[in-house]
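Heads up: the structure comes next, in structure tokens.
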Amino acid sequence: MLAGMVRCCYGDHRLRRVSLDEQNPALQLDALRAAGAERVYVDHATGATMSRPELRQALDNAQAGDVLTVWRLDRLGRSMTDLIAQVNQLAHRGIEFRSLTETIDTTTPGGRLVFHVFGAVAQFEHEVLVDRTKAGLAAAKASGKKVGRPRLVTPERAATARELRDTDMSLRAIAGHLRVSQATVVRLLAHER
């Protein structure tokens, strides 16, 4: 069975996804249906943090032997890493993946190869980003800059917390005054004088 999606239309051949942020979702819906989608799931929302209940439904309904088909790769994953994880999870369940725009089809050896090349490129980009971040932190440290989060437990803050506690102020009130959590107040009170 084939399914598909347009942001989100998820249909199935069982499964497809459609996107409403493409001015006219009808184009995506038509393409998914032409590709054989028996069921199309559509989420009516946009944005990086949108809830995608229809995508969840399409993924939950997909069964071994199904092909989840999307209009474009970004209909399934928000990043290449996310996309690769999603497709790998589908593969472990015996579900294939197809993207109409990028003509990727994991039901074929060539499609699997292209998808794995994308995965290798995503891993490479991640490793380059990690290396750049480490180099930037090292350069900042070498120039004398402080890196990382500011320390919450300092001798000065500990002294202030003790003074407030001596006035019988509650932990919650001290936390509010210092703008820290109650757990941090406990650590401040335990800090050596």
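Of the residues A31, A85, A26, A35, which is small (G, A, S) and loosely packed, with under 13 Cβ neighbours inside 10 Å? So that I can check it myself, show each step before the final result.
On the way: A31 fails: loosely packed, with under 13 Cβ neighbours inside 10 Å; A85 fails: loosely packed, with under 13 Cβ neighbours inside 10 Å; A35 fails: loosely packed, with under 13 Cβ neighbours inside 10 Å.
Exactly one of A31, A85, A26, A35 is small (G, A, S) and loosely packed, with under 13 Cβ neighbours inside 10 Å, namely A26.
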Can R52 be described as open to solvent by less than 20 Å² (accessible area, probe 1.4 Å) and either under 20 Å from H92 (Cβ atoms) or modelled with pLDDT of 55 or more (or both)? no
Which one of the conditions (1) open to solvent by 50 Å² or more (accessible area, probe 1.4 Å); (2) modelled with pLDDT of 85 or more; (3) not polar (S, T, N, Q) does M80 fail to meet, given that it meets all the rest? (2)
Among (1) open to solvent by less than 60 Å² (accessible area, probe 1.4 Å); (2) in contact (Cβ under 8 Å) with a residue 24 or more places away in the chain; (3) not small (G, A, S), the one test that V121 misses: (1)
Quick check, is L113 farther than 19 Å from R56 by Cβ, of a type outside the set (D, E, K, R) and either over 13 Å from the mean Cα position of the chain (by Cα) or open to solvent by 30 Å² or more (accessible area, probe 1.4 Å) (or both)? yes
Within region 3-25, can one find any residue that is over 23 Å from the mean Cα position of the chain (by Cα), at pLDDT below 85 and assigned to a helix (DSSP H, G or I)? yes
Answer yes or no as to whether V185 is touching a helix residue (DSSP H, G or I) at 6+ places or on another chain (Cβ under 6 Å), β-branched (V, I, T), open to solvent by less than 60 Å² (accessible area, probe 1.4 Å) and modelled with pLDDT under 90. no
Among the residues of region 149-169, is any modelled with pLDDT of 90 or more, part of a loop (DSSP other than H, G, I, E, B), more than 27 Å from the chain's Cα centre (by Cα) and surrounded by 13 or more Cβ atoms within 10 Å (Cβ to Cβ)? yes
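The values are calculated or read from the model by the stated rules, or taken from the named source; none is laboratory data. Predicted model only: the values in this text are computed from it and were never measured. Cβ atoms come from the backbone with ideal geometry, glycine included; neighbour counts cover every protein chain shown. Surface accessibility is based on the protein's heavy atoms, side chains included, excluding ligands, DNA and RNA. Shrake-Rupley method; radii C 1.70, N 1.55, O 1.52, S 1.80 Å.
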